[in-house]
């Protein structure tokens with residue numbers, strides 16, 4: 001990858017000791033196009049990740065071509081994963097991006113093995129595969145070809161309208177494999193969006209992605225998450241969001257309240273103290289027992305949300321992982337839903353929160 005006016009740090013292994021845990025560091029790259037961001041290019045030995053049997057999620061395998069994310073969402077649940085690399089889960093998660101530059105080639109070898117049983121693979125479970133860096137590295141087309149070429153069903157969860165680039169490829173792939181599509185949209189208010197998700201595409205742009213996915217013939221679930229207590233959870237805000245998603249053509253909407261896990265909680269609370277100091281004591285009370293909201297809050301949110309989803313027809317059965325031709329034919333799918341049903345409590349890893 002040649003970038004104009006790039007800077008290469010050949011001592012990156014010493015600067016980032018945690019990367020020694022990932023053999024194959026090629027180089028570290030900075031470029032004016034991504035001011036303040038460093039990309040650590042690595043050659044991975046494997047990119048097909050087996051999900052722990054103890055994990056309560058409806059898929060067994062994931063692929064994450066990137067670690068860290070320039071979306072910079074202050075609530076991102078994956079921030080704690082950066083600590084494994086001895087990197088800062090706060091600002092470092094937003095600006096130190098690990099790129100598995102050989103991900104498509106390695107995945108192609110892994111799914112071509114006779115031992116591979118073509119189980120469902122989820123994309124977008126840790127960091128967004130269509131974050132801005134994908135526009136430069138273009139890893140997803142090769143990943144899509146590797147999966148579809150071997151008959152491996154997969155799902156994609158993203159906040160990135162860059163997915164539109166790959167829609168023709170996905171349409172072709174859907175004739176032979178089941179594909180699930182889901183878009184994450186947490187906030188409709190533009191000012192709050194810029195504050196809490198400063199690196200993400202605008203809500204309007206992501207609504208356009210929903211329309212594009214539907215126009216391509218796919219079902220498209222939307223994960224309206226995280227719901228931020230006292231910031232995005234009023235009855236008026238929830239109805240405005242659901243109505244807008246229905247108008248955009250979403251086939252299903254799921255909502256999950258904010259989780260504040262280790263690595264994420266300090267970063268989010270720092271933001272809250274700066275931007276909404278009057279809510280700090282409320283959040284400390286609400287999350288006093290750990291990363292999750294109280295049962296009472298969850299039940300209260302559900303009571304407000306479910307009638308809205310029913311009213312707008314967005315609380316229906318799972319939008320299963322159906323190939324495009326079978327979807328048009330109206331045939332029922334027997335594929336296990338994953339990203340297309342991210343609202344179930346068991347699917348919280350899909351939520352990017």
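The values are calculated or read from the model by the stated rules, or taken from the named source; none is laboratory data. Every value quoted in this text rests on a predicted model; they were computed, and no experiment measured them. Don't worry about glycine lacking a Cβ; one is built from the backbone with ideal geometry, like all the others, and counts go over all protein chains shown.
Considering only residues that are outside any loop (DSSP other than H, G, I, E, B) and touching a strand residue (DSSP E or B) at 6+ places or on another chain (Cβ under 6 Å), which ones fall in region 108-124?
121, 122, 123
Checked against (1) touching a residue at least 60 places away in the same chain (Cβ under 8 Å); (2) more than 22 Å from residue 74 (Cβ to Cβ); (3) touching a helix residue (DSSP H, G or I) at 6+ places or on another chain (Cβ under 7 Å); (4) crowded, with 23+ Cβ neighbours inside 10 Å, residue 153 passes all but condition (3).
Checking the stated criteria, residue 81 turns out not to satisfy the condition of being within 19 Å of the chain's Cα centre (by Cα), part of a loop (DSSP other than H, G, I, E, B) and at pLDDT below 90.
Checking each residue in region 149-184 for being within 13 Å of residue 201 (Cβ to Cβ) and either assigned to a strand (DSSP E or B) or touching a strand residue (DSSP E or B) at 6+ places or on another chain (Cβ under 6 Å) (or both) picks out 158, 159, 183, 184. Among all positions in region 168-184, there is at least one residue which is touching a residue at least 60 places away in the same chain (Cβ under 8 Å), within 18 Å of residue 233 (Cα to Cα) and touching a helix residue (DSSP H, G or I) at 6+ places or on another chain (Cβ under 8 Å).
Would you mind listing the helices (runs of 4 or more DSSP H) fully within region 192-295 where at least 2 residues are modelled with pLDDT of 95 or more and under 23 Å from the mean Cα position of the chain (by Cα)? Of the helices (runs of 4 or more DSSP H) lying wholly inside region 192-295, those with at least 2 residues that are modelled with pLDDT of 95 or more and under 23 Å from the mean Cα position of the chain (by Cα) span 203-215, 235-248, 265-275. Taking the listed residues 182, 186, the one that is at pLDDT below 95, under 22 Å from the mean Cα position of the chain (by Cα), buried (at least 16 other Cβ atoms within 10 Å of the Cβ) and within 27 Å of residue 68 (Cα to Cα) is 186, with no other qualifying.
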